[in-house]
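Just below is one structure, and these are the notes that go with it.
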Amino acid sequence: MSREQKNYLKKRKRKKLLIVSLQIFLLLFLLGLWQIAANQEWINTFIFSSPNRVIKTILNLHQDGTLYHHIWVTFYETILSFLIGTLLGILIATILWWFDVLAKVLDPYFTVLNSLPKVALGPIILIWFGANIRSIIFMAVLISIVVTILNIYQGFQNVDPQKIKLMKSFRAKKWQICMYLVFPSNFQTIMATLKLNISMCLIGVIMGEFLVSKEGIGYLIMYGSQVFNLNLVISGIALLSIMATFLYLLIQCLEKFFVKKN
Amino acid sequence: MNEILKINHLKKTYHTLEKETVAVKDFSMSLEEGEFIAIVGPSGCGKSTILSILSGLEEKTDGDIFLRDKQIGYMLQTDALFDWLTILDNCLLGLKIKGELTEEKKEYVIALLKKYGLGDFLNSYPNHLSGGMRQRVALIRTLSIKPDILLMDEPFSALDYQSRLTISDDVYNILKEEKKSLIMVTHDIAEAISICSKVIVLSERPCTIKKVFPIHLTNGSTPIENRKTPEFPIYYDQIWKEIDYEP
Ligand SMILES: Nc1ncnc2c1ncn2[C@@H]1O[C@H](COP(=O)(O)OP(=O)(O)O)[C@@H](O)[C@H]1O
Ligand SMILES: [Mg+2]
């Protein structure tokens, strides 16, 4: 390696280090400011809480053992609805690609379903499925699946016509075009949809937990707001941010794993 | 000589919501074993349509096609390589689709790749290859199913001039050596004369045959050499006038 290249790499590394330290600094600064504002009583801690109180609340939850239960419930519901939404979504997109008449027939329904705010269906879902995990999963799947289907179907339709022609010139059957061409050429689309999906599912799960109000982080937030314990509400939000980041990283690892395998 | 393909009064009409397009009005030709024929004509006159019908991608509207139990290989206008497959896997695609992927046939494809200068790239991906190499891969992918007749649709139009010349030589040598017959569509008159022994000139759409030029070059050899023969410019002139200057 030449000296110039080494210098260049060093520079890049330094810049990256700088950015990461600034990011951490910004977080600590905001937290610190919040804490000082609370200590100096610039803000009303009853409504705005403080980092100190949030940490205490989470420690309390840890001590009475409910913390991990709530985290686990939300995590489990998100992963479950993510799996169902993704697999079902890909399956339906494939069916639509296969039967284009069906796709044309269903097109207006998807458009309506896509623009409909799914929260509006919350009360009905609750009545249909009862106040339990099934309502939550249904809600999350409903929110994620429409986007999944539309995105992936569009990707399937955008496959290079020359490549389809090539497959046909070898007398490929439809399932072969699907397996050898349509799926692999849409790897990027599917991965992008997965990333979108996991956050959609988390949104759906939290909304479901608001409605069902039994367990999970969404329940903690709902409960906290009902008894006016804002410490609990903000702790819930903090936990959610951590979980959202974690889930995103999980999908990123999954992507890396698949890229390597290819 | 042995006639392996005969087309009589081929006709093709496309139907769309807006209109009915007669792409091919009346097209006849025959191809003998080992013969190279070029089809030239104005763009949009129906050349690709003829190849699509021959390869079974489109239905003919009328006319007859006699094919003597011959396998057809179609090389498209773009290389259409799958960038998620290695060069070797790209070339094995046809065999895989047909369910004929045996060790022996795989060896044959590897041998072809090695023979034509792609031996070092069996496990590379298409985006590491130059345009000319990609075209050669596309050709070997077509050859993998051992076709007797090759159809090529403006196979080199995406390449720069220098690569076109080299790849024409490559393809010519490969096809002659593998003893294939060729029907090639092009808008490049020089390419047609230098590669083929017969040039069919088509009219504007709906296309019919305007004129057929048998090409005889003294001391003809490979395409690049053929361009230096004394008859070459004369044919060029004749064909060019036939295509362009008609009131
Ligand atoms: N699938 C199709 N449907 C309707 N019209 C078509 C179709 N394919 C080609 N055409 C029309 O047929 C004519 C001939 O097309 P083509 O064979 O591609 O011409 P060329 O290859 O000589 O440029 C064009 O006018 C084109 O618009
Ligand atoms: Mg064409």
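Descriptive notes on the structure:
- Partners of B:Lys176 within straight-line reach, counting aspartates and glutamates whose Cα lies under 13 Å from its Cα and excluding those fewer than 8 residues away in the same chain: B:Glu33, B:Glu35, B:Asp148.
- Span from the region A:80-110 Cα centroid across to the region B:178-225 one, whole angstrom: 49
- Label reach from A:Thr45 (point 7 Å along Cα→C-beta): in region A:215-246, amide nitrogens under 12 Å belong to A:231.
- Efficiency of FRET from Cβ geometry, B:Glu3 and A:Val105, R₀ 45 Å, rounded to 0.05: 0.35
- Of all aspartates and glutamates in the structure, those lying under 14 Å Cα to Cα from A:Lys163, and not within fewer than 8 positions of it along the same chain, are B:Asp79, B:Asp83.
- Under a model in which nothing but the beta-carbon of Lys, Arg (+1) and Asp, Glu (-1) is charged, chain A shows a dipole of about 1720 debye around its Cα centre.
- Dipole orientation for region A:1-43: of the candidates A:Trp42, A:Leu18, A:Asn7, A:Asn7 has the Cα lying most toward the positive pole (charges on Cβ; Lys, Arg +1; Asp, Glu -1).
- Order of B:Cys45, A:Cys178, A:Cys201 - criterion: other Cβ atoms within 10 Å of each residue's Cβ, fewest first: A:Cys178, B:Cys45, A:Cys201
- Theoretical FRET efficiency, 1/(1+(r/R0)^6), r = Cβ-Cβ of B:Ser124 and A:Gln157, R0 30 Å, to 0.05: 0.50
- Proxy reagent accessibility, fewest Cβ within 10 Å first, across A:Arg12, A:Arg171: A:Arg12, A:Arg171
- Compactness index (Cα Rg / 2.2 N^0.38 Å), region A:119-262: 1.39
- Exposure proxy order (Cβ contacts within 10 Å, fewest to most) of B:Lys106, B:Lys198, B:Lys114: B:Lys114, B:Lys106, B:Lys198
- With 10 Å bins from 0: P(r) over chain B, alpha-carbon pairs, percent: 7, 30, 35, 22, 6, 0
- Candidate lysines - alpha carbon under 20 Å from A:Lys168, same-chain residues fewer than 8 apart omitted: B:Lys12, B:Lys47, B:Lys60, B:Lys70, B:Lys96, B:Lys98, B:Lys146
- Legend: distances between Cα atoms for A:Lys118/A:Lys195; A:Lys13/A:Lys256; B:Lys11/B:Lys211; B:Lys19/B:Lys241; pairs beyond 27 Å are B:Lys19/B:Lys241.
- Along principal axes, Cα extents of region A:1-112, largest first, whole Å: 66, 59, 29
- For region A:1-43, the convex hull drawn through the C-alpha positions has a volume of 45 cubic angstrom per residue.
- Span-like helix ranges in chain A, DSSP H, alpha carbon extent 24 angstrom or more, Kyte mean at least -0.5: A:3-39, A:66-98, A:133-157, A:187-212, A:230-261
- With eigenvalues of the C-alpha gyration tensor scaled by 5 and rooted, the protein assembly as shown, Å: 65, 28, 20
- Summary of the geometry: region B:49-85 and region B:9-29, compared by the centres of their Cα atoms, lie 17 Å apart.
- Using every pair of separate Cα atoms, the Kirkwood estimate puts the hydrodynamic radius of chain A at 21.8 angstrom.
- Fraction of the pair-distance distribution of region B:49-160 above 22 Å, Cα-Cα pairs, percent: 35
All of the numbers you see were taken from the coordinates with simple rules; none came from a lab. Computed from a predicted model, the values in this text were never measured in an experiment. Counting neighbours? That spans all protein chains shown, and the Cβs are built from the backbone with ideal geometry, glycine included.
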